Amino acid sequence: MISLKIRKASEEDIKAVARVYVDGWRTTYRGLVPDDYLDELSYEDAEKRLIDFLNNENESFIYVAINDTGKIIGFASGKSIDETNFDGELYSLYLLQECRGLGVGRQLVSAISKHFKEKGIYSMLVWVMKQNKSGLGFYERMGGKEYFHRKSEFGGTVVDDVAYGWKDVSVLCVEEK
């Protein structure tokens with residue numbers, strides 16, 4: 001466990017969040033989606049999408065993980081949804097490569113879950129690319145159950161997605177030490 005602070009993101013954080021997003025995509029999905037798709041991702045486009053996401057009216061929010069030097073090393077976003085049996089979605093979770101496996105993701109998922117609980121949202125799902133074995137393993141270790149399947153397309157490549165869900169987000173809320 002590394003020393004870090006988790007807090008709700010503001011628009012001032014978006015430039016750093018966009019870097020984590022793009023760099024996270026490039027390290028996580030290399031070999032799963034076309035290289036040119038990953039190489040064409042831009043920090044500027046990611047910033048615009050993240051600002052739009054934050055300004056969306058359907059309860060969208062982002063939490064950031066900040067290391068002891070003040071650098072944003074990861075983020076998670078959530079939004080309310082109207083999906084069969086689920087009211088909240090863990091929309092994204094990205095960490096810098098060197099911060100994986102240190103408990104940062106677990107703490108970010110906990111922050112999202114606590115936020116949902118405060119808003120009266122008690123169930124949550126997350127979509128994961130089926131070929132993303134580390135992502136699947138992470139959500140399985142967190143107690144997620146497989147519920148739905150869909151197909152997505154990135155740069156002309158169709159991938160299978162799996163939705164993991166929790167009927168009670170309380171199980172994901174860890175207390176800070």
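At a glance:
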| quantity | calculated |
| --- | --- |
| Output for the stretch 37-57, where each listed residue is surrounded by 13 or more Cβ atoms within 10 Å (Cβ to Cβ) and assigned to a loop (DSSP other than H, G, I, E, B) | Leu41 |
| Per-region count, the stretch 82-102, residues buried (at least 18 other Cβ atoms within 10 Å of the Cβ) and farther than 27 Å from Phe148 by Cβ | 2 |
| The listed residue being of a type outside the set (A, V, I, L, M), touching a residue at least 24 places away in the same chain (Cβ under 8 Å) and crowded, with 16+ Cβ neighbours inside 10 Å, out of Lys114, Lys71 | Lys114 |
| Residues satisfying the stated conditions in the stretch 150-177, i.e. part of a strand (DSSP E or B), in contact with an Asp or Glu (Cβ under 7 Å, 6 or more places away or on another chain) and under 25 Å from Asp39 (Cβ atoms) | Lys151, Ser152 |
| Output for the stretch 64-112, where each listed residue is out of contact with any Phe, Trp or Tyr (no Cβ under 7 Å at 6 or more places or on another chain), assigned to a helix (DSSP H, G or I) and within 18 Å of Ala18 (Cα to Cα) | Gln97, Glu98, Cys99, Val104 |
| Among (1) exposed (fewer than 15 other Cβ atoms within 10 Å of the Cβ); (2) over 27 Å from Gly88 (Cα atoms), the one test that Lys5 misses | (2) |
| The stretch 23-41: number of residues that are touching a helix residue (DSSP H, G or I) at 6+ places or on another chain (Cβ under 7 Å) and farther than 20 Å from Gly78 by Cβ | 6 |
| All positions within the stretch 117-149 that are in contact (Cβ under 8 Å) with a residue 40 or more places away in the chain, of a type outside the set (Gly, Ala, Ser) and not in a strand (DSSP E or B) | Lys117, Lys119, Ile121, Tyr122, Gln131, Asn132 |
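Values in this text are rule-based calculations from the coordinates and carry no lab data. If you're wondering where the values come from, they're calculated on a predicted model, not measured in any experiment. Ideal geometry is used to build each Cβ from the backbone, glycine not excepted, and the neighbour counts take in all protein chains shown.
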